[in-house]
Amino acid sequence: MKTREDLTQHLQRIDGRPYPAYKDIRGRYDFGFFSLYVDKVQGDPFASPSRLSVILPHVESELPTDLFSNASRRTGTENYLALEFSKACRQASGRMGSGKSGLIAIDTPGQELLQRSCLEIDEDSTIIRFSVGLPANGRRIRGRSAAELLCEELPGIVEDTLCYDHIDTSKIKSFADTAEDADTLRSQLAGRGLVAFAADDAILPRASGIDQRPMQGAVPFRSPDSLRQSFDLPHAGTVSGMAIPEGVTLIVGGGYHGKSTLLAALERGVYNHRPGDGRELVVTRRDATKVRAEDGRSVAKVDLSPFIGQLPGGKDSSAFSTENASGSSSQAASIIEALEAGSRTLLLDEDISATNLLIRDARMQKLIARDKEPITPFVQRARSLYEECGVSTVIVLGGSGDYFEPANLVVALDNYIPQDLTVEAKALCDSPRNEIPLDPETLALSPQDSKRFARSESINPYARGRSRVKTRDSRSLTFGDDEIDLSLIPQLIDNSQAKTIGAALLFALEEGYFENAPIPLALNKSLEAAETDRLSTLGKGDFAEIRLQELTAALNRLRSLQIK
């Protein structure tokens, strides 16, 4: 096997040669306490950076097994190490010529603790995957600079950020402990009949709409006494906070008092958060899905009949398709698709919902006869969704009291502090709720129940004869000749998650999962493969964990999708 010295000598030898000569350095190198793999070499200094990986055995790093003794602790530890590696890379990166010369970077975690392919801990070693811009002047190799970067700087980064005797032991333990506490807390919600929990003293507001760090000077969260419950956690001890029960929960209050801020914390509560985030103990059931209106999205044979009946012109809504959905039909489709993917908690915000799908007040009902209005508003379905189908709803409202009747709980926000106003809200109801019975047989409430089978030929990753699956950010995914708009999938939070979606769709297609399984079940097989053998099973690239809910949402927005 080649050594560090071999790599140094080779890089010095090709100094000044044309850039393609870098291709010869591909392979494995023994650096003593770790192995370096040059996996892919960029074609020129302006192309995407080269891909490298390091395998560091635990016998060398002396990483304690306690830090990866279960999935929760492993993910917390991986995120800490990736953050430290990223910080060291930024400090080491420097301009070394043309294009991306001198860049060294890793996929950097955000506030959420997600499993990532950039750093994976297995039983014997830690694997790090990162990018390097190999130095050049114009298109001439700067071999000596490359030797300094790879053979001098990189070993120092590996030692300082991944070897235990160089690590801040209290910080790495806090990441593992925090992840384990959050997962322990989330695992207890269903047993107590809860959909979410927000701990006392949590910090919910964010620094800005584009900055997920906690807002400085924000009002700490505090539960109403009537909703407070306590949990015993392995590291945080006994924690108390607001417990949101199953059923229909309204979040109300004046404008700018924190309604949407609370809902935003709950929608991100399906993920764990890093220490110091403020939302470490704000957790929501893993399957909770936020649904919104999305004018213009495509819909492929979705049964909208629970919310939209016979359409004008005799058009059937039980296998509804359109290239340009309205607000109400797009949101109804998203609800049905979420249930099909196994969601048992729906999150809605009045501000981004279709008004005619949410409510239809008494005056409008008198003016427009029922047989002239195909839409059954959500207010007339919410309670039966819970009672007949076991689907809970948390909804933010500021402009309608029609939901007081079906609500099980009404939480009012006053300057970010919640109050339980259920009794007061119910006292304002002067008539019984106008609920329309819902037949649970009309809904596919699990991936196994889905009747939507994709035509695999309609999921085509090829463009001009080549596989073309790529992303620019978390807002869009190029898949063959199609562009999937991901921008309005609310719980898709990371660019690397969009890359995972592309890889998981391609993996399901190549494995033939769509041939004999409905869409959610076929896609779940890809996620199971990634969970069993880590994300890198899906292919090469920087991936971050995704849920079935976001994966199915993406495929359902593929405009070429056809249903058998």
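Laid out as a table, the results:
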read-out: All positions within the stretch 85-99 that are modelled with pLDDT of 95 or more and either buried (at least 24 other Cβ atoms within 10 Å of the Cβ) or in contact with a Leu (Cβ under 8 Å, 6 or more places away or on another chain) (or both); value: Phe85
read-out: Among (1) closer than 19 Å to Pro440 by Cα; (2) without any contact (Cβ under 8 Å) to a residue 60 or more places away in the chain, the one test that Ala333 misses; value: (2)
read-out: Selected residue [free of Cβ contacts under 8 Å to residues at least 60 places away in the same chain, in a loop (DSSP other than H, G, I, E, B) and within 27 Å of Arg74 (Cα to Cα)] from Ile501, Ile546; value: Ile546
read-out: The stretch 100-110 - residue that is crowded, with 20+ Cβ neighbours inside 10 Å and of a type outside the set (Lys, Arg) and, of those, nearest to the chain's Cα centre (by Cα); value: Pro109
read-out: Ala444 in the same structural domain as Ala544 (by TED's automatic domain parsing) and either at pLDDT 95 or above or closer than 27 Å to Glu510 by Cα (or both); value: no
read-out: Criterion violated by Thr284 - all others in (1) over 25 Å from Asp211 (Cα atoms); (2) among the hydroxyl-bearing types (Ser, Thr, Tyr); (3) under 17 Å from the mean Cα position of the chain (by Cα) satisfied; value: (1)
read-out: Hits in the stretch 39-72 (condition: among the polar types (S, T, N, Q), more than 18 Å from Gly541 (Cβ to Cβ) and out of contact with any Asp or Glu (no Cβ under 6 Å at 6 or more places or on another chain)); value: Ser61, Thr65, Ser69, Asn70
read-out: Residue within the stretch 224-243 that is part of a loop (DSSP other than H, G, I, E, B) and out of contact with any helix residue (DSSP H, G or I) (no Cβ under 7 Å at 6 or more places or on another chain) present; value: yes
read-out: Sole exception among (1) among the acidic types (Asp, Glu); (2) crowded, with 20+ Cβ neighbours inside 10 Å; (3) more than 27 Å from Leu347 (Cα to Cα) for Asp494, by number; value: (3)
read-out: Candidate set: the stretch 337-363, residues that are β-branched (Val, Ile, Thr) and at pLDDT below 95; chosen: the one surrounded by the most Cβ atoms within 10 Å (Cβ to Cβ); value: Ile359
read-out: In the stretch 460-478, the residues that are in a loop (DSSP other than H, G, I, E, B) and under 16 Å from Leu561 (Cα atoms); value: Asn460, Pro461
read-out: Residue in the stretch 115-131 that is farther than 25 Å from Thr532 by Cα and crowded, with 21+ Cβ neighbours inside 10 Å present; value: no
read-out: Residue ranges of helices (runs of 4 or more DSSP H) in the stretch 113-197 with at least 3 members touching a helix residue (DSSP H, G or I) at 6+ places or on another chain (Cβ under 7 Å) and not assigned by TED's automatic domain parsing to the domain that holds Ala21; value: 169-187
read-out: Of residues in the stretch 248-275 being in contact with a Lys or Arg (Cβ under 8 Å, 6 or more places away or on another chain) and assigned to a strand (DSSP E or B), the one nearest to Glu545 (Cα to Cα); value: His273
read-out: Residues (in contact with a strand residue (DSSP E or B) (Cβ under 7 Å, 6 or more places away or on another chain), in a loop (DSSP other than H, G, I, E, B) and within 14 Å of Ala553 (Cβ to Cβ)) located in the stretch 305-348; value: Ala325, Ser343
read-out: Among the residues listed as Leu477, Leu443, Leu486, the single one being surrounded by 18 or more Cβ atoms within 10 Å (Cβ to Cβ), over 22 Å from Tyr513 (Cβ atoms) and touching a residue at least 60 places away in the same chain (Cβ under 8 Å); value: Leu443
read-out: Residues being hydrophobic (A, V, I, L, M, F, W, C), buried (at least 19 other Cβ atoms within 10 Å of the Cβ) and under 30 Å from Lys23 (Cα atoms) - total across the stretch 45-82; value: 5
read-out: Glu457 under 16 Å from the mean Cα position of the chain (by Cα) and either assigned to a helix (DSSP H, G or I) or in the same structural domain as Ile106 (by TED's automatic domain parsing) (or both); value: no
read-out: Considering residues of the stretch 504-517 that are surrounded by 23 or more Cβ atoms within 10 Å (Cβ to Cβ) and assigned to a helix (DSSP H, G or I) only, the residue farthest from the chain's Cα centre (by Cα); value: Ala508
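So that you can scan it fast, the table gives a plain yes or no per residue for (1) under 22 Å from the mean Cα position of the chain (by Cα); (2) without any contact (Cβ under 8 Å) to a residue 40 or more places away in the chain; (3) crowded, with 22+ Cβ neighbours inside 10 Å:
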position	(1), (2), (3)
Arg213	yes, no, no
Ser226	no, no, no
Pro234	no, no, no
Thr261	yes, no, no
Lys290	yes, no, yes
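The values are calculated or read from the model by the stated rules, or taken from the named source; none is laboratory data. Please read all numbers here as calculations on a predicted model, not as lab measurements. Glycine gets a Cβ as well: all are built from the backbone with ideal geometry, and neighbour counts include every protein chain shown.
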